[in-house]
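Reviewing the structure listed below.
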Amino acid sequence: MKLTLNNGVEMPALGFGVSNTPPAQTVAEAPQIGYQLIDTATSYFNEKEVCDTEAVTREAFWRDIPET
């Protein structure tokens, strides 16, 4: 399921939250089990670790979004 934002952009309605989560272990599994959105925040203090995880790629999460 997707949500349409006011500007017309669609985004997944459900995201994988990474608060209090060891990113390297869990974020790598997120795209494998169907998540297409990583829900993070600066206040979690783990954005770098999440982004450094090898599984965080455009191809892994934006499977059905055409290239622009």
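What residue, of G34, G8, G15, is at pLDDT 85 or above and surrounded by 10 or more Cβ atoms within 10 Å (Cβ to Cβ)? Even if it seems obvious, please write down each step before you answer.
Numbers: G34 fails: at pLDDT 85 or above; G8 fails: surrounded by 10 or more Cβ atoms within 10 Å (Cβ to Cβ).
Matching residue, one of G34, G8, G15: G15.
Considering each residue of segment 1-39, count those that are farther than 17 Å from T57 by Cα, of a type outside the set (K, R) and assigned to a strand (DSSP E or B), and give that number.
Start the filter on segment 1-39 by keeping residues that are farther than 17 Å from T57 by Cα, which leaves 1-10, 13-14, 19-22.
With of a type outside the set (K, R) added as a condition, the list becomes 1, 3-10, 13-14, 19-22.
The next check asks that each one be assigned to a strand (DSSP E or B); those that pass are 3-4, 10.
Total satisfying the criteria: 3.
The values are calculated or read from the model by the stated rules, or taken from the named source; none is laboratory data. Please read these numbers as outputs of a predicted model, since none were measured by experiment. Glycine gets a Cβ as well: all are built from the backbone with ideal geometry, and neighbour counts include every protein chain shown.
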